[in-house]
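The values are calculated or read from the model by the stated rules, or taken from the named source; none is laboratory data. Owing to the predicted nature of the structure, the values given are computational and were not obtained by experimental measurement. Methodologically, a virtual Cβ is constructed for each residue, glycine included, from the backbone with ideal geometry; neighbour enumeration extends over all protein chains shown.
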Amino acid sequence: MAVAKMNKYMEEKKPIDGAEYISLEDAKRLKLPFFEGLAAGFPSPAADYEHERLDLNEKFVHHPEASYFVRVCGESMIGAGIFDGDICLVDRQEEISDGNIVVAFVNGGLTVKTLDTSTRNQNYLRLMPANPEFKPIIIDANDQFIIQGRVTSIHRDTRKY
Amino acid sequence: MYAIIDCDNCYVSCERVFRPDLNGKPVCVLSNNDGCVVARSNEAKALGIKAGLPYYQLKERFPNGEITVFSSNYELYGDITDRVMSLVRKAVPAFYRYSIDEGFCDLSGMENSNLKQWGEDISAFIWKATRMPVSIGIAPTKTLAKMASHYAKHYKGYNHCCLIGTDEQRIKALQGYDIEEVWGVGRRYATRLKTMGVKTAYDFACHANSWVHATLNNVVAMNTWKELNAIDCIPMDNLSKKKSICISRSFPGMVTDIDALRTSIANFAARCAEKLRRQQSVAQIVNIFIDTNHFREDLPQYWNMAEERLLTPTNSTQQIVQTATRCMERIFRQGYHYKRAGVIVMGICPDNGIQTNFIDYDAERHEKMKRLDKVLDKINREYGSETIVLGSQQYSKPGSKGKADVFKDSIKHDFRSPCYTTRWSDIPEAT
């Protein structure tokens, strides 16, 4: 009886028109009776080893509220492994220091470069490209310069290669 | 103690998150349809731009682009403010979001820490992480906290956080505060109170309990009086849910056709149902209104409203849309040029304790509609709002192509910013 009811329940929960139909409450409701009810007497040997599946967000997004994505345009950073079309994860909460790859707002546009503060004593900073064909960007007091966060990972769909 | 966290000039600040060049410059955000100014940066306020100023007047006064103008982009504002609220939620024992740009924190157990410093720190942290400036008010009651946040916002010296900790601080705060600005008072009561000599929050708080009871005799006023006197009495869970939801729009042109009007009403009703579901509520009353253009004195004028009380409260898109369109068909008159219409749902209560009416209630149908709505919400959440709609939401003229045709022109947003954080197509680009 219970099993028949359960089967009916499961059937009803089938995807509708390709859209998976499971809300949070449903997931909660489903979990326990499914294992204990259906397999009474034959507990799944894997049950004790249940673990959340790996999640890229967990690995790469350290501060979800402070992170956003930026798409790279151009070749200025290819030496650092950042190519045209790559998606950078940018984190505003990370502390920034010399040598970090950052996204900065410079005179009206965004740019991805390596921050070089070694020239700070001479009252300017440099944003270093990683491509000999590009010149460093010199930032002094007259420039509009706002660091928008540190690049913490780079993402690329390799199917296009 | 309670804290309220309030985003400063919320919509403008959201627009500045990815446009840091606009910090320190006058910025305005327009209402739906680019009708009038709904949000202003401090610089825009300083230029004398008032909230509600029609956009065409703004353009006349500042024809040379001195002011950066944005159409409202609720998708962006929703995501940026979600980030802010999420950070606050992680930092306090209990948190209740009150609206898109503010939330209350229960600071029980934190009384012994330096709350003023705590407030300044969290404000600085939120600014660093999200680029949203927030003001924080801390006080023994929510009404006082709201007052404190007002001080924090308007006086730089507070460094984004104002604490009403001692009775001395409370009295000083009350004395400098116009009764009209007090949370929960409202303009109508304020006018009445002012004729009775109550000008500041302090005047009101100093009256005896019995006076308030005799003159105003209403629960909200009593609660406000208590809260101003540091007696905590407005429960958190009374705050979070709205008592009525209204979706209304002015049409960019004018609507004469019943089918076009029905389509608009159906869309407003569907939005109401979606909002009800989002706050896990149901509504009992569906009210609609239609209105002609009062500025066109050359045209005949007509205004009317209709409402229907449902036997069983609901949040089903289908049911609310059906009821709303039925109401509209009752009051529609041919031959008028309609400029504005809206749907209001009222009698809102939580959806777990629905009082069912046995004659009307059909459990199976109810379950089915619930499932349909869930799928609807899920699809629209994942693929963008209005990916899937009811048939009645997409009437179009013969020969045109469905919803897109009628609605493409129905909402104007000429100056909308990209949805930087919610659409892959809109993420910022960097060289």
Item to check | Matching option when the condition is surrounded by 23 or more Cβ atoms within 10 Å (Cβ to Cβ), in contact (Cβ under 8 Å) with a residue 12 or more places away in the chain and of a type in the set (Val, Ile, Thr), among B:Val27, B:Val69 | outcome: B:Val27
Checklist entry - Would a scan of the stretch B:157-170 turn up a residue that is among the small types (Gly, Ala, Ser) and touching a Pro at 6+ places or on another chain (Cβ under 9 Å)? => result yes
Item to check | Residue list for the stretch B:244-281, filter: of a type in the set (Val, Ile, Thr) and either free of Cβ contacts under 8 Å to residues at least 40 places away in the same chain or exposed (fewer than 15 other Cβ atoms within 10 Å of the Cβ) (or both) | outcome: B:Thr256
Checklist entry - What is the residue count in the stretch A:58-108 for residues that are part of a strand (DSSP E or B) and more than 7 Å from chain B (Cβ to nearest Cβ)? => result 10
Checklist outcome for this item: Conditions (1) among the aliphatic types (A, V, I, L, M); (2) assigned to a loop (DSSP other than H, G, I, E, B); (3) more than 21 Å from B:Ser250 (Cβ to Cβ) -> B:Ile5 fails only (2)
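With the condition kept exactly as written, say whether any residue in the stretch A:115-127 is facing chain B (nearest Cβ under 9 Å), among the polar types (S, T, N, Q), more than 22 Å from B:Thr130 (Cβ to Cβ) and in a loop (DSSP other than H, G, I, E, B). Walk me through it before giving the result.
First, pick out the residues of the stretch A:115-127 that are facing chain B (nearest Cβ under 9 Å): none.
No, because not a single residue in the stretch A:115-127 is facing chain B (nearest Cβ under 9 Å), among the polar types (S, T, N, Q), more than 22 Å from B:Thr130 (Cβ to Cβ) and in a loop (DSSP other than H, G, I, E, B).
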Next on the checklist: When the residues of the stretch A:128-161 are narrowed to those that are outside any strand (DSSP E or B) and among the aromatic types (Phe, Trp, Tyr), which ends up modelled with the lowest pLDDT?
Outcome noted: A:Tyr161
Checklist entry - Can you find even one residue in the stretch B:105-113 that is within 23 Å of B:Tyr11 (Cβ to Cβ), in contact (Cβ under 8 Å) with a residue 24 or more places away in the chain and crowded, with 21+ Cβ neighbours inside 10 Å? => result yes
Item to check | Which numbered condition B:Asn315 misses (of (1) within 24 Å of the chain's Cα centre (by Cα); (2) within 15 Å of B:Ser264 (Cβ to Cβ); (3) of a type outside the set (Ser, Thr, Tyr); (4) buried (at least 19 other Cβ atoms within 10 Å of the Cβ)) | outcome: (2)
Item to check | Residues located in the stretch A:56-70, provided they are buried (at least 19 other Cβ atoms within 10 Å of the Cβ) and more than 13 Å from B:Thr130 (Cα to Cα) | outcome: A:Val70
Checklist entry - Out of curiosity, is B:Tyr56 away from chain A (no Cβ under 14 Å), within 19 Å of B:Thr130 (Cα to Cα) and part of a helix (DSSP H, G or I)? => result no
Checklist outcome for this item: For strands (runs of 3 or more DSSP E) lying entirely in the stretch B:242-358, having 2 or more residues that are closer than 22 Å to B:Lys378 by Cβ picks out B:245-255, B:281-292
Checklist entry - For the stretch B:86-99, how many residues meet the condition of being more than 9 Å from every other protein chain (Cβ to nearest Cβ) and either surrounded by fewer than 16 Cβ atoms within 10 Å (Cβ to Cβ) or free of Cβ contacts under 8 Å to residues at least 60 places away in the same chain (or both)? => result 6
Checklist outcome for this item: B:Lys128 meets each of (1) crowded, with 21+ Cβ neighbours inside 10 Å; (2) within 14 Å of chain A (Cβ to nearest Cβ) with one exception, condition (1)
Next on the checklist: For the stretch B:60-75, give me each residue that is within 25 Å of B:Cys419 (Cα to Cα), of a type in the set (D, E, K, R) and over 24 Å from the mean Cα position of the chain (by Cα).
Outcome noted: B:Glu66
Checklist outcome for this item: Condition set at the interface with chain B (Cβ under 10 Å from one of its Cβ atoms) and within 9 Å of A:Ser76 (Cβ to Cβ), scope the stretch A:128-146, selection surrounded by the most Cβ atoms within 10 Å (Cβ to Cβ): answer is A:Pro129
Checklist entry - Among the residues of the stretch B:366-404, how many are of a type outside the set (Gly, Ala, Ser), exposed (fewer than 15 other Cβ atoms within 10 Å of the Cβ) and at pLDDT below 80? => result 7
Checklist entry - Quick one: how many residues across the stretch A:111-127 are under 12 Å from A:Gly74 (Cα atoms) and of a type in the set (A, V, I, L, M)? => result 1
Checklist entry - If we keep just the residues of the stretch B:152-179 that are under 19 Å from B:Ile234 (Cα atoms) and modelled with pLDDT under 95, which is nearest to the chain's Cα centre (by Cα)? => result B:Ile179
